[in-house]
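First comes the structure, then the notes that go with it.
The values are calculated or read from the model by the stated rules, or taken from the named source; none is laboratory data. The structure displayed is predicted, hence computed values, not measured ones. Note: ideal-geometry Cβ built from the backbone for every residue, glycine included; neighbour counts use all protein chains shown. Each accessible area value is taken on the protein alone, full model and side chains, heavy atoms only, with ligands, DNA and RNA left out. Shrake-Rupley method; radii C 1.70, N 1.55, O 1.52, S 1.80 Å.
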Amino acid sequence: MQEVLFLNDVKGAVSRLLEGAGYNRTFVLCDDNTAREVLPLVQCEALDGAHVITIAAGDAHKTLDSLAHVWSELGAHGATRRSLLINLGGGVVTDLGGMAASTFKRGIDFINIPTTLLSAVDAAVGGKTGINFNGLKNEIGVFSEAKAVIISTCFLATLPQGEIKSGFAEMLKHGMLESEDEFMRLLDYDLTAADHDQMLALVRTSVQVKQRIVEQDPHEKGLRRALNLGHTVGHAFESFALHRGEPIAHGYAVAWGLVAETVLSHLKRGFPSEHLHRLARHVRDNYGAFHITCDDYQALLNYMHHDKKSVSGEINCSLLRSCGAVETGITVTDDDMRAALDIYRDLMGI
C-alpha cells in the first residue's frame, strides 16, 4: 500500500525511505525550475551519486517526446528493475515520471515529492500517471501507485501566489465532496496569509478525502469518478486554451470548471443556489474568469465528447446534490451544457 508522509523534514524522509531499500541506482526527475529552485533544498547523503534527469517545465512538455527522453536517460545510465526514480516537481513531473517508471522494464519503483500545492493534493497521490497526446489532456497513461509520497508545504515559499491558488482549487473540490463544513472552512481561509504548518493540516485533510475515495475504487470504475468534479468542463477549457496557444493552469481550469458543473448540479440535482453563488464569487475574486463566448460552445462540447470519461461519446459528469452527496456517471446533454455555460458566463461577469 502507498505510504503518504505529511512532514516538512523532506531530507529526513528521503533518507529513511532509501536506507536499506536495496536500490542499485537512484534517479531524480525534475523540470528546469525544480532542478534550480528545489533540488538543492532536498539534497542529502542518500542522494549522493543519484543521476538527475531534467525536462522542460510546463504542461506543453508533458509529451511523448519528454517521456522518451526519460526512458533514454534511464537506459543510458544503467537503470534496472532494482532502480528507483524520485519525481521531484509539480503535476507534470509526477504524472510523466510515474508513467516512465511504470513502463520502463515493465516497472521500477518511484517516489513522488510534489513541489506545488496542486500536485500535493492531486497528481502525486492516487496512482494516475500519464501524458497529453493529440491535443488532449492525459490521453495516454496507466494506473500505478508511487512507492511513497512525501508531502510538504516547505516548498510554498518557492511558488508564486498563482501556483498556490491553482492547488487550492483542487482542495475546494475535495471540500465540496467531503461536507458543507469543510467547503465553508476552505472558502473562509485567507490564502494571502498562508502559514506552512496550518496549510499542511489543510492539505492532509484534503489528501485524506482523496485517499478514502481511491482506496474504495482504485481504477475509477465507480466512486472514484467523484474526483472528476469540475474536470469535464475544466479539461475542455484547458484543451481549448492550449489549442488557441494560450495555455492555462490546471487548477484555474478546475476552479472555472467547478463553477460550471456546480451550475449543472443546481439545475439537474438541486444543489443549493446560495452555495453556488458563494463558490462563483470566490472563484471570480481569486481566479478571474475564463473568457468564452457562445461561438466557442461547439468546440468546448467537442472536447467534452472526447473526454476519457466518456463511454460512447456522451458528456459525462459527476454532480452534487449537496456538499458531501455526489452522483457519478451523469450523462449531460449538449443543451444542458450550453445552458450551464450561459449561466457560468453570467456568474463570472462575462
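Summing +1 for each Lys or Arg and -1 for each Asp or Glu, what net charge is found among the other residues whose Cβ lies under 14 Å from the Cβ of Ala249? Write out the running numbers ahead of the final one.
Details: positive: Lys62, Lys137, Lys165; negative: Asp59, Asp122, Glu163, Glu170, Glu238, Glu246.
Combined, the nearby Lys, Arg, Asp and Glu give -3.
Ignoring ligands, DNA and RNA, how do Asp65, Asp122 rank by accessible area with a 1.4 Å probe, largest first? Please report the intermediate quantities before stating the final value.
Working: Asp65 125, Asp122 30 Å².
So the residues, ranked largest to smallest area, are Asp65, Asp122.
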Q: Compare Val203, Val263, Val332 in a GNM of the chain, Cα atoms joined below 10 Å, and give the one with the largest fluctuation.
A: Val332
Q | Inter-centroid distance (Cα atoms) of the stretch 238-293 relative to the stretch 112-161, Å | A | 21
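Go ahead and estimate [θ] at 222 nm for the chain from helices alone: -39,500 (n - 2.57) per DSSP H run with n ≥ 4, summed, over the residue count, rounded to 500. Could the numbers behind the result be given before it?
Working: 13 runs with 163 residues, N = 350.
It lands at -14500 deg cm²/dmol.
Tell me, which longest segment in the chain has none of the trypsin sites (Lys or Arg not before Pro) that fall in DSSP loops with at most 16 further Cβ atoms within 10 Å? Mind dumping the intermediate values first?
Working: sites that count: Arg81, Arg82, Lys221, Arg244, Lys308.
Value returned for the longest uninterrupted segment is 83-220.
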Q) Who wins for biggest fluctuation among Gly167, Gly22, Gly257 in a Gaussian network model of the chain, springs between alpha carbons below 10 Å? A) Gly22
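Going by the alpha-carbon gyration tensor, a ≥ b ≥ c the square roots of its eigenvalues, is the stretch 78-137 rounded (a/c under 1.5) or, if a/c is not under 1.5, prolate (a/b greater than b/c) versus oblate?
Numbers: a/c = 2.37, a/b = 1.33, b/c = 1.79.
Judged from the Cα gyration tensor, the stretch 78-137 comes out oblate (a/c at least 1.5, b/c at or above a/b).
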Q | the stretch 1-160 shape via C-alpha gyration tensor axes, a/c threshold 1.5 | A | rounded
(Q) Angle check, please: helix 250-269 long axis (alpha carbons) against the longest principal axis of the chain (alpha carbons), in degrees 0 to 90, nearest 10. (A) 40
Q. Mind checking which lysines have their C-alpha under 18 Å from Lys221, skipping anything on the same chain fewer than 8 residues away?
A. Lys128, Lys210, Lys308, Lys309
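Quick check: with the 1.4 Å probe, what order do Val4, Val52, Val70 take by accessible area, largest first? Please list the in-between numbers first.
Numbers: Val4 30, Val52 55, Val70 0 Å².
Final ranking, largest accessible area leading: Val52, Val4, Val70.
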Q) Does the stretch 14-58 come out rounded, prolate or oblate by the C-alpha gyration tensor, with a ≥ b ≥ c the root eigenvalues, rounded set by a/c under 1.5 and, if not, prolate when a/b is larger than b/c and oblate if not? A) prolate
Q.
So if I take the centroid of the Cα atoms in the stretch 1-38 and the same for the stretch 298-338, what is the distance between those two points in Å?
A. 37
**Q.** Descending semi-axes in whole angstrom, ellipsoid equivalent of the stretch 197-334, from the Cα gyration tensor
**A.** 23, 19, 16
Q. Cα axis of helix 161-178 to longest principal axis of the chain: angle in degrees, 0 to 90, nearest 10?
A. 70
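Would you calculate the convex hull of the Cα atoms in the chain and tell me its volume per residue in Å³?
On the way: hull volume 42.1 nm³, N = 350.
Spread over its residues, the Cα hull of the chain gives 120 Å³ apiece.
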